[in-house]
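Following: one structure in structure tokens, then a few remarks.
The values are calculated or read from the model by the stated rules, or taken from the named source; none is laboratory data. On a predicted model such as this, the values are computed, not experimentally measured, just so you know. Using ideal geometry, Cβ is built from the backbone for each residue, glycine included, and neighbour counts are taken over all protein chains shown.
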Amino acid sequence: MDSIPANRRLWNRISSAYQHEHDPQIGAAPRLWGMYSVPDARLNALGDVTGQRVLELGCGAGQWSRALAAEGATVVGLDLSEAQLKAAARAMGAARYALVQGAAERLPFADGSFDLVFCDFGGLSWAPPRRAVPQAARVLGRGGRLVFNVAAPWFEACYDEAAGRVTTTLRRDYFGLDAVAEGDGATSYQLTYGDWVRVLRGAGLVIDDLVEPRPDLGTSNGYNETDPPDWAHRWPAELLWVTHKP
Ligand SMILES: C[S@@+](CC[C@H](N)C(=O)[O-])C[C@H]1O[C@@H](n2cnc3c(N)ncnc32)[C@H](O)[C@@H]1O
């Protein structure tokens with residue numbers, strides 16, 4: 001299935017409202033992961049990027065990319081949506097970085113171009129992982145790292161569509177979560193834990209860690225309502241994979 005046109009349309013349509021709603025939270029400080037803005041300083045997933053060639057897959061308005069550029073990385077922010085790229089261009093700081101329109105499942109870069117490929121609910125949530133992971137692995141050089149944060153299957157399986165919130169009741173099958181309809185033909189993607197392992201290893205990557213970001217009690221989710229409010233303190237809402245290319 002080709003979800004590129006529909007996902008591009010979706011993000012072009014919602015970009016302005018999305019940034020209005022979420023930029024104050026996700027852009028508040030450098031290196032914040034996921035729906036709960038858990039600091040990387042606590043998770044230690046990304047490490048030092050000084051002097052590294054970095055690709056962000058699905059950079060949105062570049063909250064992450066501009067932070068890493070300011071730390072001395074040579075960053076390329078790739079995104080499917082021209083509206084999101086315009087938002088990134090507007091928000092760019094003194095440390096300039098390149099913006100490229102493209103899709104995570106068809107990366108327009110030569111093999112071995114990067115030391116780090118990463119995203120936070122970006123291209124590995126919005127492109128089929130079975131296509132996007134091999135692309136990410138291809139553009140990494142030896143020793144390069146693929147680090148990415150996605151929704152946990154627990155979170156997706158407990159999402160109550162009618163109530164518009166995540167609950168403690170399993171609503172969807174875990175097996176077959178694969179493609180999640182996001183309206184107007186747009187699609188996000190999800191794999192089982194086993195499928196993630198097989199897809200990553202199948203692309204020749206070594207899994208170094210699977211971090212499960214756990215927000216402190218009382219940390220609000222900027223994106224979804226949960227019942228109970230401390231849902232993600234009790235169960236994993238996100239998976240942060242840390243891998244490298246040997
Ligand atoms: C939730 S945002 C992630 C950016 C940022 N980390 C954030 O949380 O706002 C998802 C981004 O992925 C982009 N996107 C969607 N499908 C994509 C694809 N196939 N390849 C690359 N980027 C894609 C969207 O345009 C959007 O900017």
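Summary of values
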| quantity | calculated |
| --- | --- |
| The listed residue being under 20 Å from the mean Cα position of the chain (by Cα), surrounded by 15 or more Cβ atoms within 10 Å (Cβ to Cβ), free of Cβ contacts under 8 Å to residues at least 40 places away in the same chain and within 25 Å of ALA6 (Cα to Cα), out of VAL180, VAL199 | VAL180 |
| Candidates GLY34, GLY77, GLY60, GLY27 - the one that is more than 22 Å from ALA136 (Cβ to Cβ), under 18 Å from the mean Cα position of the chain (by Cα) and either within 13 Å of the ligand (Cβ to nearest atom) or small (Gly, Ala, Ser) (or both) | GLY27 |
| Among (1) more than 16 Å from the ligand (Cβ to nearest atom); (2) charged (D, E, K, R); (3) within 26 Å of ALA45 (Cα to Cα) - the single one ARG131 does not satisfy | (1) |
| Residue, nearest to ARG90 (Cα to Cα), within region 1-20, restricted to residues that are in contact with a Leu (Cβ under 7 Å, 6 or more places away or on another chain) and of a type outside the set (D, E, K, R) | TRP11 |
| Which numbered condition ARG214 fails, given (1) within 16 Å of the ligand (Cβ to nearest atom); (2) on the phi < 0 side of the Ramachandran plot; (3) surrounded by fewer than 19 Cβ atoms within 10 Å (Cβ to Cβ) | (1) |
| Top-ranked residue of region 181-225 - restricted to ones that are among the small types (Gly, Ala, Ser) and in a loop (DSSP other than H, G, I, E, B), ranked as farthest from ALA104 (Cα to Cα) | GLY218 |
| Residues (under 26 Å from GLY183 (Cβ atoms), within 16 Å of the chain's Cα centre (by Cα) and more than 15 Å from the ligand (Cβ to nearest atom)) located in region 134-155 | ALA152, PRO153 |
| Yes/no for VAL206 being among the hydrophobic types (A, V, I, L, M, F, W, C) and touching a residue at least 60 places away in the same chain (Cβ under 8 Å) | no |
| Helices (runs of 4 or more DSSP H) contained in region 8-125 and holding at least 2 residues surrounded by fewer than 22 Cβ atoms within 10 Å (Cβ to Cβ) and small (Gly, Ala, Ser) | 63-70, 82-91 |
| Sole residue being over 20 Å from ARG145 (Cβ atoms), basic (Lys, Arg), modelled with pLDDT of 95 or more and away from the ligand (no atom under 11 Å from the Cβ), chosen from ARG96, ARG53 | ARG96 |
| Unique match (being touching a residue at least 12 places away in the same chain (Cβ under 8 Å) and near the ligand (Cβ under 10 Å from one of its atoms)) among ALA83, ALA91 | ALA83 |
| Filter result for ALA67 (at pLDDT 95 or above and in contact with a Pro (Cβ under 8 Å, 6 or more places away or on another chain)) | yes |
